[in-house]
Amino acid sequence: MSLYKNDTLDYVKLAMESILEQTYSQFDFFIQYDGFISKDVDEYLTGLKDERIRIYRRDENKGLAQSLNDLLAIVMPLGYEYIARMDADDISMPERFEKQIAYIESHPETECLGTWAIEIKSDGSEYYRKQMPETHDGCWKQFMIRDCMIHPTVMFRRSYIEKAGLYSLDTYFGEDTLMWAQGFAAGCKFANVPEYLFKFRLNDDFFNRRRGWKHAKGILTLRWKVNKMLNYPVKAYLYAIAYAGAKMMPKGILNLIYKTAR
């Protein structure tokens, strides 16, 4: 998990508690400060008396992809078989790890495993129930249109990182999208547990941050790169153009598209 200056104490507490109270408890929790964070969040985290927590600090903000790469550089040599993601403003259901590990152990071909998620508003109320494809083939087909994994729900088998490599730093956004593309290109297998094991928070400015010319251009650049990497057909490029076009719509229309076109 990575934290930065805008992470708030209330959300961080919920995120931390949701991990520390997992029904599967045999894990270590690695946290990277991506630059300076708020004093109250730091005091809360350093005050937690849980030997599973490992905190790493740096003064400079370098972004999520760099923070995740830094953490992977720490944990991979330590021999962990499974590596799970978490965000500082989301909530994992208590049985998330238990059910993901049970699934991945009963499906030895699976190397990247996500879950379904309940999207929540800033106040915690439910916004949308988001389902993702359960099978690898389903993930491959959906990825031609849009992401097939919800990033903070993912649990990697270490072989995924060994094959796909680290997160790309050469992108305006969408480091997770490129991570999935790298995995597909490397022959990794994907799946999602068909259960709502996660609450994904949509902050008040969620749609504002995901619209406009800059974001639309970023979508086109990203999806063009993905389509070339994976040799997707021409229709994948048409989907990309439509996706980018939606990012130019007014906030209200984008909200409607987001809730009805999935």
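The values are calculated or read from the model by the stated rules, or taken from the named source; none is laboratory data. Worth saying up front: this structure is predicted, and the values here are computed from it rather than measured. So basically every Cβ, Gly included, is an ideal-geometry build from the backbone, and we count neighbours across all protein chains shown. Ligands, DNA and RNA are excluded from the accessible area calculation, which covers all protein heavy atoms including side chains. Shrake-Rupley method; radii C 1.70, N 1.55, O 1.52, S 1.80 Å.
Counting only residues that are within 16 Å of L197 (Cβ to Cβ), open to solvent by 10 Å² or more (accessible area, probe 1.4 Å) and of a type in the set (D, E), how many does segment 106-144 have?
Here the count works out to 2.
Do we have any residue at all in segment 114-132 that's within 14 Å of the chain's Cα centre (by Cα), among the small types (G, A, S) and closer than 19 Å to G183 by Cα?
yes
For I150, indicate whether it is buried (at least 17 other Cβ atoms within 10 Å of the Cβ), modelled with pLDDT of 95 or more, more than 14 Å from V193 (Cβ to Cβ) and of a type in the set (A, V, I, L, M, F, W, C).
For I150, the condition - buried (at least 17 other Cβ atoms within 10 Å of the Cβ), modelled with pLDDT of 95 or more, more than 14 Å from V193 (Cβ to Cβ) and of a type in the set (A, V, I, L, M, F, W, C) - is not met.
Conditions: (1) within 23 Å of N6 (Cβ to Cβ); (2) modelled with pLDDT of 95 or more. D123 meets all but one. Number of the miss?
Against the list (1) within 23 Å of N6 (Cβ to Cβ); (2) modelled with pLDDT of 95 or more, D123 comes up short only on (2).
Does segment 37-49 include one or more residues that are at pLDDT below 95 and more than 23 Å from C148 (Cβ to Cβ)?
yes
Considering only segment 164-173, I want to know if a residue exists there that is free of Cβ contacts under 8 Å to residues at least 40 places away in the same chain, out of contact with any Phe, Trp or Tyr (no Cβ under 6 Å at 6 or more places or on another chain) and open to solvent by 60 Å² or more (accessible area, probe 1.4 Å).
yes
Just need a number here: residues in segment 12-33 that are of a type in the set (S, T, Y) and assigned to a loop (DSSP other than H, G, I, E, B).
Just the residues of segment 12-33 that are of a type in the set (S, T, Y), to begin with: 18, 23-25, 33.
This time we only want the ones that are assigned to a loop (DSSP other than H, G, I, E, B), so: 23-25.
Looking only at that region, the number is 3.
Name the single residue that is farthest from the chain's Cα centre (by Cα) among those in segment 18-61 being within 23 Å of E162 (Cα to Cα) and surrounded by 16 or more Cβ atoms within 10 Å (Cβ to Cβ).
Across segment 18-61, the extreme among qualifying residues is F27.
Consider M76 against the criteria (1) of a type outside the set (G, A, S); (2) touching a residue at least 60 places away in the same chain (Cβ under 8 Å); (3) within 26 Å of K199 (Cβ to Cβ): it satisfies all of them except one. Which criterion is unmet?
Tallying (1) of a type outside the set (G, A, S); (2) touching a residue at least 60 places away in the same chain (Cβ under 8 Å); (3) within 26 Å of K199 (Cβ to Cβ), M76 fails exactly one: (3).
Quick check on my filter: what residues within segment 214-248 are under 12 Å from F173 (Cα atoms) and surrounded by 13 or more Cβ atoms within 10 Å (Cβ to Cβ)? Break it down stepwise before answering.
If we filter segment 214-248 for residues that are under 12 Å from F173 (Cα atoms), which is where we start, we get 214-223.
If the condition is that a residue be under 12 Å from F173 (Cα atoms) and surrounded by 13 or more Cβ atoms within 10 Å (Cβ to Cβ), then H215, A216, K217, G218, I219, L220, T221, L222, R223 are the ones that fit.
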